Amino acid sequence: MESIQIHGRRGPLRDALARSLVVLVVICPTIAVSWQVSRGLEIGTLSLGIYVAVALLLIASEWLLAFDDHWGSLFRGRLTDFLYAGAASAVERLTFVACVTAVAAAGGWLAGAVGVQLWPGHWAFGFQLAAAMLIADAGMYFRHRLFHRSARLWRFHQIHHSPTGLWWIRSAYTHPLEQLCIMLAMMFPIAFLGAGEVLIAVVAFVYGLSGLLQHANVDARSSFLSFVFATPEIHRIHHRADEIGNSHNYSAFFVLMDHLFGTFCRPDPAETHMDVGLEGVTDFPGNFLTHMTLPFGPDTIGPGGGPQVLPEPVAALGPKQT
Ligand SMILES: [Zn+2]
Ligand SMILES: [Zn+2]
């Protein structure tokens, strides 16, 4: 197989890393955690170890395989990036507790009232996880589209799209109220249907890993996996500073929903540059505290002044038309 040209540098190690990031960051950890749960063991230590290993791998990958040297990395992270990471972690924890208690209890009451077991708890854990991911993906997809279509909700979501460069920590670059909606879209349906606490924790863990990889500043070569998973190449397109970005690749884990609803945009492996951010906006505030009140202010920054009109889906990105 021909070696990949990555920013003018060739080498079998970089080639192998570029091709295997999805397997290393998402697929292998998911199998490892599922295996641990299937044996009835705790996942706390394992998941923490995986997060540390993934963080180190992404730091190394952004150094070796940066898609754009100007975008960012851990060494050039801003205070706002880390404040968002802390806020996202707190919101995820709070939502998890609420869902495994109140939401699960409400679902359990309903299941008892109608006499139907809503969740297939007798399935093997791997099948339960796949089902939970597909259900959560549907909730996440419609939540994401809604935040692009509603002018009011876009005031929150434009913050996530405001950075003009991506790197893995920016997975968490989301207003806490939107983060709450993301977590509810992920956990509420499966908790309500009766998914257990461990399964919900694993779902959140897998989405967390996938989010880190999707936002990484890496020139990944995921090949056919980009037709199944929301890889860095897929999600990078969603951050494009144009209407294609605004209207494609909303998926958070599998890209099934994008395929089903005609919003899938295939990456162009030849593309070596991409403008990300908000189209026509160069002075979006970068301060965390400013962001907290921004959605409630009188003015909207960026192109989200009204619900956006979806253009015809495009099958692939080609060279930009002049
Ligand atoms: Zn978006
Ligand atoms: Zn994103």
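Annotations for the structure displayed:
- For the criterion of being of a type in the set (D, E, K, R) and within 12 Å of ligand 2 (Cβ to nearest atom), Arg240 passes.
- Taken over segment 117-138, the criterion of being in contact (Cβ under 8 Å) with a residue 24 or more places away in the chain, in a helix (DSSP H, G or I) and of a type outside the set (Asp, Glu) is satisfied by Phe125, Gly126, Gln128, Leu129, Ala132, Met133, Leu134, Ile135, Ala136, Ala138.
- Checking Arg93, Arg19 one by one, the residue that is surrounded by fewer than 16 Cβ atoms within 10 Å (Cβ to Cβ) and within 20 Å of the chain's Cα centre (by Cα) is Arg93 and no other.
- Here Ile182 clears all of (1) free of Cβ contacts under 8 Å to residues at least 40 places away in the same chain; (2) within 13 Å of ligand 2 (Cβ to nearest atom); (3) more than 17 Å from Phe288 (Cβ to Cβ) except the condition numbered (1).
- Residue list for segment 136-176, filter: among the basic types (Lys, Arg) and surrounded by 23 or more Cβ atoms within 10 Å (Cβ to Cβ): Arg170
- Looking only at residues of segment 233-254 that are in contact with a helix residue (DSSP H, G or I) (Cβ under 6 Å, 6 or more places away or on another chain) and away from ligand 1 (no atom under 12 Å from the Cβ), we find that the one that is nearest to Met187 (Cα to Cα) is Phe253.
- Top-ranked residue of segment 250-300 - restricted to ones that are part of a loop (DSSP other than H, G, I, E, B) and among the aliphatic types (A, V, I, L, M), ranked as farthest from Ala88 (Cα to Cα): Ala270
- In the set (1) closer than 28 Å to Met257 by Cβ; (2) in a loop (DSSP other than H, G, I, E, B); (3) under 20 Å from the mean Cα position of the chain (by Cα), the condition left unmet by Ala66 is number (1).
- Selection from segment 58-82 of residues that are surrounded by fewer than 19 Cβ atoms within 10 Å (Cβ to Cβ) and of a type in the set (A, V, I, L, M): Ile59, Ala60, Leu64, Leu74, Leu79
- Per-region count, segment 183-210, residues of a type in the set (Val, Ile, Thr) and surrounded by fewer than 19 Cβ atoms within 10 Å (Cβ to Cβ): 1
- Test for Gly297: is it surrounded by fewer than 21 Cβ atoms within 10 Å (Cβ to Cβ), at pLDDT 95 or above and away from ligand 2 (no atom under 16 Å from the Cβ): no
- Hits in segment 145-176 - residues which are within 15 Å of ligand 1 (Cβ to nearest atom), hydrophobic (A, V, I, L, M, F, W, C) and assigned to a helix (DSSP H, G or I): Leu146, Phe147, Ala151, Leu153, Trp154, Phe156, Ile159, Ala172
To keep it simple, each residue is scored yes or no on (1) within 16 Å of ligand 2 (Cβ to nearest atom); (2) among the aliphatic types (A, V, I, L, M).
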residue	(1), (2)
Gly112	no, no
Val116	no, yes
Pro120	no, no
Gly126	no, no
Ile135	no, yes
Tyr141	yes, no
Arg145	yes, no
Ala172	yes, yes
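The values are calculated or read from the model by the stated rules, or taken from the named source; none is laboratory data. What you see is a predicted model, and the numbers here were worked out from it, not measured in a lab. Positions of Cβ are backbone-derived with ideal geometry, glycine not excepted, and every protein chain shown enters the neighbour counts.
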